[in-house]
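Accompanying notes for the structure given below.
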Amino acid sequence: MKIQMKTPLVEMDGDEMTRILWKQIKDILLEPYIDLKTEYYDLSLDERERTKDQVTIDAANANKRLGVAVKCATITPNAQRQKEYNLTKMWKSPNGTIRAILDGTVFRKPIMVKGITPCVRNWEKPITIARHAFGDVYRDSEIRVNQPGIAKLIFEAESGEQIVEEIARFTGPGVLQGQFNKDDSIESFSRSCFEFALSSHQDLWFSTKDTISKTYDHRFKDIFQNIYDREYKDKFESAGLEYFYTLIDDAVARIIRSKGGMIWACKNYDGDVMSDMVSTAFGSLAMMTSVLVSPEGNYEYEAAHGTVTRHYYKYLQGEETSTNPVATIFAWTGALKKRGELDHLDDLVAFANHLEQATLQTIEEGEMTGDLITLFHNPQVEAKKLNSRQFLEAIAKRLLVLQVTKA
């Protein structure tokens with residue numbers, strides 16, 4: 001008998017190779033065991049074009065309504081993609097739109113496997129990146145300057161007051177970019193980080209560049225410190241945990257020298273870049289979990305990587321691909337576990353744990369996708385490269401054993 005669900009997950013389908021893997025994961029690993037309930041939204045680029053991106057907004061609002069979502073990787077189009085897909089415009093990042101609506105914080109954590117040693121030799125524990133998921137460059141305004149002139153930053157208050165700052169005097173072509181953030185979003189970000197640190201019992205580091213950005217970045221620093229002092233200082237000290245702020249360049253140096261095991265809170269762009277650095281140093285970008293947590297307690301789980309375009313075109317030409325689906329599998333297991341916890345479905349939580357165990361066991365026993373072959377080092381186990389479907393089928397065999405043993 002299949003495991004029953006009470007409340008649907010919000011399912012956000014995606015693009016290219018990850019869309020292919022999405023269906024295979026459901027067919028091979030999920031639907032044989034679960035009477036899968038989802039509210040489905042197609043976030044493929046074609047559907048975003050057809051709906052003028054309304055489908056992305058609808059999916060985000062569904063996440064707010066139902067509480068838990070799982071998302072496939074999607075394309076954020078550039079000029080080349082706009083031409084390739086015949087788009088009327090370069091639609092904004094779906095992740096950026098969803099994060100803005102949920103006003104959440106993204107927590108990204110590498111998946112550690114026996115046999116794959118981090119490039120940084122002293123890293124012994126995962127490093128979780130907490131990324132502010134609102135504003136900054138992801139909600140910016142940009143201008144291409146093509147003649148001499150003066151660029152100004154202007155704020156017109158509802159009271160009629162006006163603040164004007166000169167940015168630069170252009171004597172020729174150049175570019176302009178305007179960014180913003182809001183106190184209430186930064187406050188939500190800080191509380192999410194403090195709560196996550198307490199719940200996972202990890203130290204929290206926060207870094208910006210306030211020595212250069214004396215107003216913008218300094219505001220982040222002040223809000224974090226004020227909320228910590230007022231609301232979390234006693235809780236952290238009672239739990240034996242540490243919170244500290246440092247400049248981002250100092251944080252990078254400290255992280256490299258550390259043993260890992262902390263949460264590193266970053267602004268939006270910093271978190272985007274540093275999570276890629278951390279995941280690669282731990283082994284592979286395809287081995288990193290990502291969950292968006294909103295202040296209201298809504299969750300959206302996804303892989304931390306993109307749509308694997310190169311593999312997709314090989315797939316379309318009938319060539320064999322060995323695309324790593326682990327982060328996408330863990331997006332599903334994360335969402336299923338959270339849904340199970342909220343709905344008190346122990347069988348659903350246990351299944352998700354078994355699927356994660358089967359996935360790691362498959363790699364540790366030497367069966368893996370091509371990206372992991374050169375990283376895997378275990379003298380007692382010979383690594384064998386599998387294509388994507390073979391890898392999923394190898395996981396399925398181990399999952400079956402775990403489920404039968406449990407029964």
Residues of region 83-111 being more than 13 Å from the chain's Cα centre (by Cα), open to solvent by 70 Å² or more (accessible area, probe 1.4 Å) and at negative phi, in sequence order, are Lys83, Glu84, Thr88, Lys89, Met90, Lys92
Subset of region 16-51 that is out of contact with any Phe, Trp or Tyr (no Cβ under 8 Å at 6 or more places or on another chain) and within 17 Å of Val308 (Cα to Cα) - its residue that is surrounded by the most Cβ atoms within 10 Å (Cβ to Cβ) = Thr18
Of the listed residues (Ile57, Ile34, Ile25, Ile20), the one being closer than 26 Å to Lys406 by Cα and within 20 Å of the chain's Cα centre (by Cα) is Ile25
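Okay, residues lined up against (1) aliphatic (A, V, I, L, M); (2) within 20 Å of the chain's Cα centre (by Cα):
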site	(1), (2)
Arg230	no, no
Lys235	no, no
Ser238	no, no
Ile256	yes, no
Gly261	no, yes
Asp270	no, yes
Val273	yes, yes
Val278	yes, yes
If you take the residues of region 128-152 that are in contact with a Ser or Thr (Cβ under 8 Å, 6 or more places away or on another chain) and at pLDDT 90 or above, which of them is surrounded by the fewest Cβ atoms within 10 Å (Cβ to Cβ)?
-> Pro148
Note down all Cβ pairs under 6 Å where the first residue falls in region 270-285 and is under 10 Å from Cys119 (Cβ atoms), the second is of a type in the set (A, V, I, L, M, F, W, C) and open to solvent by 10 Å² or more (accessible area, probe 1.4 Å), and they're at least six residues apart or on different chains.
-> Ala281/Cys119; Ala281/Val120; Gly283/Ile116; Gly283/Leu375
The listed residue being under 16 Å from Ile25 (Cβ atoms), in contact (Cβ under 8 Å) with a residue 12 or more places away in the chain and under 16 Å from the mean Cα position of the chain (by Cα), out of Thr328, Thr359 = Thr328
Residues in region 169-176: is at least one charged (D, E, K, R), over 26 Å from Ile256 (Cα atoms), in a strand (DSSP E or B) and free of Cβ contacts under 8 Å to residues at least 40 places away in the same chain?
-> yes
Give just the number: which of (1) among the hydrophobic types (A, V, I, L, M, F, W, C); (2) in a loop (DSSP other than H, G, I, E, B); (3) open to solvent by less than 10 Å² (accessible area, probe 1.4 Å) does Met5 not satisfy?
-> (3)
Yes/no for Ser290 being assigned to a strand (DSSP E or B), touching a residue at least 60 places away in the same chain (Cβ under 8 Å) and open to solvent by less than 20 Å² (accessible area, probe 1.4 Å) = yes
Residue under evaluation Pro295, criteria (1) under 28 Å from Leu355 (Cα atoms); (2) assigned to a loop (DSSP other than H, G, I, E, B); (3) in contact with a helix residue (DSSP H, G or I) (Cβ under 8 Å, 6 or more places away or on another chain), criterion not met | (1)
Those residues that are open to solvent by 20 Å² or more (accessible area, probe 1.4 Å), within 30 Å of Gly370 (Cα to Cα) and of a type in the set (Ser, Thr, Tyr), I need them from region 293-309; list them, please.
-> Tyr301, Thr309
Where residues in region 386-407 are more than 27 Å from the chain's Cα centre (by Cα) and open to solvent by 50 Å² or more (accessible area, probe 1.4 Å), which of them is farthest from His311 (Cα to Cα)?
-> Ala407
Identify all residues within region 190-228 that are open to solvent by less than 50 Å² (accessible area, probe 1.4 Å), under 15 Å from Asp136 (Cβ atoms), within 25 Å of the chain's Cα centre (by Cα) and of a type in the set (Ser, Thr, Tyr); write none if there are none.
-> Ser207, Thr208
Could you count how many residues in region 379-407 are closer than 17 Å to Val326 by Cα, part of a helix (DSSP H, G or I) and not acidic (Asp, Glu)?
-> 11
Only one of these is free of Cβ contacts under 8 Å to residues at least 24 places away in the same chain and touching a strand residue (DSSP E or B) at 6+ places or on another chain (Cβ under 8 Å): Glu165, Glu142, Glu161. Name it.
-> Glu165
Could you list, in sequence order, the residues of region 14-31 that are over 17 Å from Ala303 (Cα atoms) and free of Cβ contacts under 8 Å to residues at least 40 places away in the same chain?
-> Asp27, Glu31
Residues that are at pLDDT 95 or above: find the helices (runs of 4 or more DSSP H) completely inside region 22-127 holding 3 or more of those.
-> 45-50, 54-66
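The values are calculated or read from the model by the stated rules, or taken from the named source; none is laboratory data. What you see is a predicted model, and the numbers here were worked out from it, not measured in a lab. Positions of Cβ are backbone-derived with ideal geometry, glycine not excepted, and every protein chain shown enters the neighbour counts. Calculation scope for accessible area: heavy atoms of the full protein, side chains included, ligands and nucleic acids excluded. Shrake-Rupley method; radii C 1.70, N 1.55, O 1.52, S 1.80 Å.
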